[in-house]
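Mind having a look at this structure? Questions to follow.
The values are calculated or read from the model by the stated rules, or taken from the named source; none is laboratory data. Computed from a prediction, not measured in an experiment: that's the story for all the values here. Every residue, glycine among them, receives a Cβ derived from its backbone with ideal geometry; neighbour counts consider all protein chains shown. These area figures cover heavy atoms from the full protein model, side chains too; ligands, DNA and RNA do not enter into them. Shrake-Rupley method; radii C 1.70, N 1.55, O 1.52, S 1.80 Å.
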Amino acid sequence: VLPPALSQLFGHNPQYIWQALQQLPTQEAQFLKAMHSVDALGVGALAADFDWATSCSTVVDIGGGNGTFLTTLLRVNPALRGVLFEVPSAIAQAEACWADKHRDLLPRVSFARGDLFDA
């Protein structure tokens, strides 16, 4: 359920927020940047404290923005592979970010474009 202010802007369906952001590139970029900051808060502990390697060989980060969580997870767990699933505009930014800052991890990650509401 959306907070009242967001419901007034986007209706009662959370999917409308994502549809609206896709039409507003500046606001979408700001939102993705904010999500990156939120992701960075506790990602290290989650990546290190769970025994990922014995639980799975590939992790799919759905709606993972530019892949902050996945980047940390792959760095802490060198045997893992990852898939970043996000809307096309976010994947374009993520691919550029990974090519620039995380090139060493590219052999272990794939990028999937899609909409989690339609998947």
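Taking H as built 1.01 Å from N, whose amide H comes closer than 5 Å to the amide H of GLY114, not counting residues under 5 places away?
GLU86, VAL87
Using a cut-off of under 18 Å, list every residue of region 20-34 whose amide N is near the label point 7 Å from the Cα of LYS101 along the Cα-to-beta-carbon line.
Hits in region 20-34 for LYS101 at 18 Å: 28-34.
Could you check the spin-label model distance between GLN27 and ARG81? Points 7 Å from the Cα along Cα→Cβ, value in nm.
Placing both labels 7 Å along Cα→Cβ, they lie 3.9 nm apart.
Given +1 on the Cβ of Lys and Arg, -1 on the Cβ of Asp and Glu, and no further charges, what dipole in debye does region 57-119 carry about its Cα centre, rounded to the nearest 20?
Numbers: 6 positive and 7 negative charges, 60 e Å.
Around 280 debye, computed over region 57-119.
Additional query: Amide H to amide H, which residues 5 or more places from VAL83 or on other chains are under 5 Å from it, using H placed in the peptide plane?
Here the answer is VAL59, VAL60, ASP61, SER110, since their amide H atoms fall under 5 Å of that of VAL83.
Quick one: accessible surface of PHE85, probe radius 1.4 Å, all protein chains present, in square angstrom to the nearest 10.
For PHE85, solvent-accessible area is about 40 Å².
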